[in-house]
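This report refers to the structure that appears directly beneath it.
Every number in this text was worked out from the coordinates using simple rules, so none of it is lab data. Keep in mind that what you see is a predicted model, and the values were worked out from it rather than measured. Note that we place each Cβ from the backbone using ideal geometry, even for glycine, and neighbour counts take in every protein chain shown.
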Amino acid sequence: MTAESETCIAALAALFPAAFSADQWQAHRPLKIGIGNDLVARGVLSQRKVNAALKRYVDRLMYQKCLAAGGFRVDLEGNVVGEVSNEHRSRAERLIARIEARQLAATPAAKAAAESERAVRQAANANFVPGKAVVMQRPAQTMPPSGRLGFADLKRAALERRARQEANHG
């Protein structure tokens, strides 16, 4: 349904450029509440396609950013028909935070950190013996994307190096 929804959004943007944006990265305008009913009443799309396309459209990051900014809602012709409520603004701000967190978690560095954590847990479980302490060393940390370590990283590396030296000499 995703490709079909994108096709429907492109068609809506061509038919109603004052209300819809085909490019998900361009500025959007808050839509009138109930605009889907207007589209169905005009016979533009079926109820099912309208629902799917609007769901996809309003889930866009740029649409949520325009809601969070507040302002006026528009109808199919771009006429002002209301204002974005504080409740909708707050909900949009929360959704933006979730979208951005999900995007950040999808970065290679976040995936590598999650995999490293998973490997440590698996190794700890594999070496577990009831009543006996298990000492595990964390896998080597990967360099941050900038190639430079921060203060916390340098401090942790020094502590790990000191612990290894003490383990080898004592």
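Take the Cα pairs of the stretch 58-119, get the Kirkwood Rh, then feed it into Stokes-Einstein at 10 °C and 1.306 mPa s and tell me D in µm²/s.
117
May I ask you to derive the FRET efficiency for residue 100 and residue 165 from their Cβ-Cβ distance with R0 = 41 Å, giving the value to the nearest 0.05?
With R0 = 41 Å, the Cβ-Cβ based efficiency is 0.50.
Any idea what % of Cα-Cα pairs in the stretch 10-50 are farther than 14 Å?
Distances greater than 14 Å cover 49 percent of the Cα pairs.
Express the C-alpha Rg of the stretch 2-105 as a ratio against the empirical globular expectation 2.2 N^0.38 Å, rounded to two decimals.
1.04
Can you list which of the GluC sites (Glu not before Pro) found in the stretch 28-106 are DSSP loop residues with at most 16 other C-beta atoms within 10 Å?
Hits after loop and neighbour filter: 77.
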